[in-house]
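Worksheet: the structure to be examined is printed underneath.
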Amino acid sequence: ENVQVDSSLDSVVIIENQFSLPGGKSLDVTGYPLDVLKAGHVLIKETATGNYKPMPLAVGNAAYGALPADHTYAGILNASILKKRPFAGVMVEGYVNENASPFPVATIKSAFLTAMNNQIKFRGDLS
């Protein structure tokens, strides 16, 4: 099986990466339904284990689901990656173009911003 990563929107969704976790993180992608995680995907961390994961998706895979219990928001994926090679750059400070995000952020934006101490900011397209 040959899966391609389309990274053409990576530089559009990540407006400015001001700080990422040095060395990145390996993501626990257990149960994640898609073959590619796109730049701008919200990342979460399991509090008990410290494992980083992609934010789960709602039924239909068109929107984010609910934040699982015992997890916190942890950052933004800063480049598109394959699920089978889940080595992630984790942006923890910077600007994200919410219009180009892989999934709408409106339903989680307030809680995400609070959890990230407003170090990540969502903006629309700049003109």
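The values are calculated or read from the model by the stated rules, or taken from the named source; none is laboratory data. Bear in mind the structure is a predicted one, so any value in this text is a computation, not a measurement. Cβ coordinates were reconstructed from backbone atoms using ideal geometry, including for glycine residues, and neighbour counts include every protein chain displayed. Please note that ligands, DNA and RNA were not included when accessible areas were found on the heavy atoms of the full protein model with its side chains. Shrake-Rupley method; radii C 1.70, N 1.55, O 1.52, S 1.80 Å.
A few comments on the model shown:
- Selected residue [of a type in the set (A, V, I, L, M), at pLDDT 95 or above and crowded, with 21+ Cβ neighbours inside 10 Å] from LEU27, LEU82: LEU27
- Take the conditions (1) open to solvent by 60 Å² or more (accessible area, probe 1.4 Å); (2) at pLDDT below 95; ALA48 misses just one of them, which is (2).
- Of all residues in the stretch 58-75 being outside any loop (DSSP other than H, G, I, E, B) and not aliphatic (A, V, I, L, M), the one that is nearest to PHE103 (Cα to Cα): TYR64
- Taking the stretch 61-79 as the range and being of a type outside the set (S, T, N, Q) and surrounded by fewer than 16 Cβ atoms within 10 Å (Cβ to Cβ) as the test, the residues that pass are ALA62, ALA63, GLY65, ALA66, PRO68, ALA69, ASP70.
- Of everything in the stretch 85-106 that is touching a Pro at 6+ places or on another chain (Cβ under 9 Å) and in contact (Cβ under 8 Å) with a residue 40 or more places away in the chain, the residue that is surrounded by the fewest Cβ atoms within 10 Å (Cβ to Cβ) is PRO86.
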